[in-house]
Each structure stands twice: as C-alpha cells, then as structure tokens.
Amino acid sequence: MSTAAKPILTGGCQCGAIRFAVSAPPVKVSICHCRMCQKASGAPFASFADIDRENFTWTRGEPAAFRSSSIAERDFCRDCGTPLSFRRIDGPRIEIMTGAFDRPDRVIPTQQFGTESRLGWVVGVANLPSQTTLQNYGPDKLGGIVSNQHPDHD
Ligand SMILES: [Zn+2]
Ligand SMILES: [Zn+2]
C-alpha cells in the first residue's frame, strides 16, 4: 500500500496482535464451502474479500501461516488463533476472511464456491429460532462478562 493511501477498510484478529488495512475496494467477495475452508475456519463455510496485494498491509504484527496445499497458505494469529486469510503462494491477491474486518457488514459476498461440500442446512439458517446475545444471556449475566476481544477499530 502506498504511503499516501488512506485505508477504506480495517480489521484484525480477536486479540488485536494482528491488524490490517485495505486501501481499495475488494476485487471480489465470496463464500467458500469447500472442505478445506470448513477446516481452516472451524465453521460451516468461509467468506473472503479478495484484495490486490498492493492495496493491503499488515499494520500491526505478523501472522503465522499454514501451507494448506501445494498452491496456498492460510494466515492466522499465533496468539489467539483467529483465521485471517487464504492466499496463493506468489499470487497477486490476498483473500481476507470477512469476519475479521471491523465492519464485516461492508464486505458482502456475491458468489459462492466449493458447493460440492455445502452443508444442507445452510440454506435454511435464517429460519432457525433466533435470539440476540442480550436475549440469550440476559442483562445481568451479560453485564458481568469482561471481553478480551480487541475493539472494532485501530
Ligand atoms: Zn490475535
Ligand atoms: Zn475453500
């Protein structure tokens, strides 16, 4: 990222040891249901914002990486374990997991891949019985919890 470029999106891991900044809109935002993304995210699917490398900077800390295949590595925080990216080795882009952004509502998937592994229940998730965190915990219990999560800003 050039020194003049102002970040339009920022984010980082849960503990805050790793932070990043993005200076241009993502090239693409997508979901991947493939078995490797399920494992790497520990979730039913992963979602990624593809960023050209010249528009991306790690602004705090250096993530660890796992070479998940002969063509790709996945970055994560070695302190808290948050999965952060998928990237092709020597490729022109980095794919940042959208839950790691400070404003995940601003990175909206428009495509999905790896659908051979898509779990059947995913399409019905909006119809499951729903509660907010406050409704689930109640005000007393929720008020007594101390968060160790880094806030959603630098
Ligand atoms: Zn961390
Ligand atoms: Zn995948």
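Structure data summary
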{"quantity": "Segment Ser70-Ser130, extension gain: residue separation times 0.36 nm, minus the distance between their alpha carbons", "calculated": "17.5 nm"}
{"quantity": "Rg/Rg_globular for the chain, with Rg_globular taken as 2.2 N^0.38 Å and Rg from C-alpha atoms", "calculated": "1.11"}
{"quantity": "Label point distance in nm, Leu142-Ala43, each placed 7 Å from Cα along Cα→Cβ", "calculated": "2.1"}
{"quantity": "Lysines whose Cα lies under 30 Å from that of Lys6, excluding same-chain neighbours fewer than 8 positions away", "calculated": "Lys28"}
{"quantity": "Size of electric dipole in the chain: Cβ of Lys, Arg +1 and of Asp, Glu -1, about Cα centre, debye, nearest 20", "calculated": "240"}
{"quantity": "Gain upon complete extension [Gln112, Ala5; 0.36 nm per residue less C-alpha separation]", "calculated": "35.5 nm"}
{"quantity": "Packing-based ranking, highest mean first, of 115-124, 37-46 given that Cβ atoms within 10 Å are counted", "calculated": "37-46, 115-124"}
{"quantity": "Residue-averaged [θ]222 nm for the chain, counting only DSSP H segments that reach four residues, each worth -39500 (n - 2.57)", "calculated": "-2500 deg cm²/dmol"}
{"quantity": "Sites Glu62 and Val27 - FRET efficiency at Förster radius 25 Å, r taken between beta-carbons, to 0.05", "calculated": "0.55"}
{"quantity": "Fraction of antiparallel bridges per DSSP, the chain only, in percent to nearest 5", "calculated": "90"}
{"quantity": "The stretch 46-154 - percent relative contact order, Cα under 8 Å, separation 6 or more", "calculated": "22"}
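A short reminder: the numbers here are calculations on the coordinates, not readings from a lab. Note that this is a predicted model, so its numbers are computed, not measured. Methodologically, a virtual Cβ is constructed for each residue, glycine included, from the backbone with ideal geometry; neighbour enumeration extends over all protein chains shown.
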